[in-house]
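Data first, discussion second: the structure below is written as structure tokens.
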Amino acid sequence: MANTYYGKYLIAALLCVGFAMLINAQEKPVTDICLGCICEAISGCNRTATCTGGVCGLFRITWPYWSDGGKLTLNGESPDSETAYPNCVNDPYCAANTIQNYMTKYAQDCNGDNQVDCFDYAAIHKLGGYGCKGELGYNYQTTLSNCLNLFQG
């Protein structure tokens, strides 16, 4: 029953992110499944998540992360506007594109397995581009692994 509940919300999140990514079809480093699983691991893909404790949105993005990801904005808003950061990262499409830009900038093999894959992107997302070799935490890592096993299976 938990897998059905978990799966329904993850599928909905994947569809939202996937649709958003299709609109902007340039080459992206992070797959839709990986984005969905990062979302699930970081926030349970809580679409009602707003800004708390310096992080915003369902991907829990900080201001420095958003800045490193290119300061993307919605509807032509100036990146210097006070609302540009929360408006973008609280929007799944803008947040996903911020992550893609961030990963393009910081992609690396964080876990020493000689490949850059979703586990590395998840570590970069959680720990930052310069700290991704650190410990992820049991819950984050387990949720990510279970999600990837379920959808890449």
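Each value in this text was obtained by applying a stated rule to the coordinates, not by laboratory testing. Since the structure is predicted, the reported quantities are computational estimates derived from the model, not experimental observations. Neighbour counts are summed over all protein chains in view; Cβ atoms, including those assigned to glycine, are modelled from backbone coordinates with ideal geometry.
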Inset, instruction - Note the full-extension length gain between residue 27 and residue 82 as 0.36 nm times their separation in residues minus their Cα-Cα distance, in nm to one decimal. - result: 16.8 nm
Inset, instruction - Go through 142-148, 96-102, 54-60 and give me the packing order, highest mean Cβ count within 10 Å leading. - result: 96-102, 54-60, 142-148
Inset, instruction - Would you please put 123-133, 43-53 in order of how densely packed they are, using the mean number of other Cβ atoms within 10 angstrom per residue and starting with the highest? - result: 123-133, 43-53
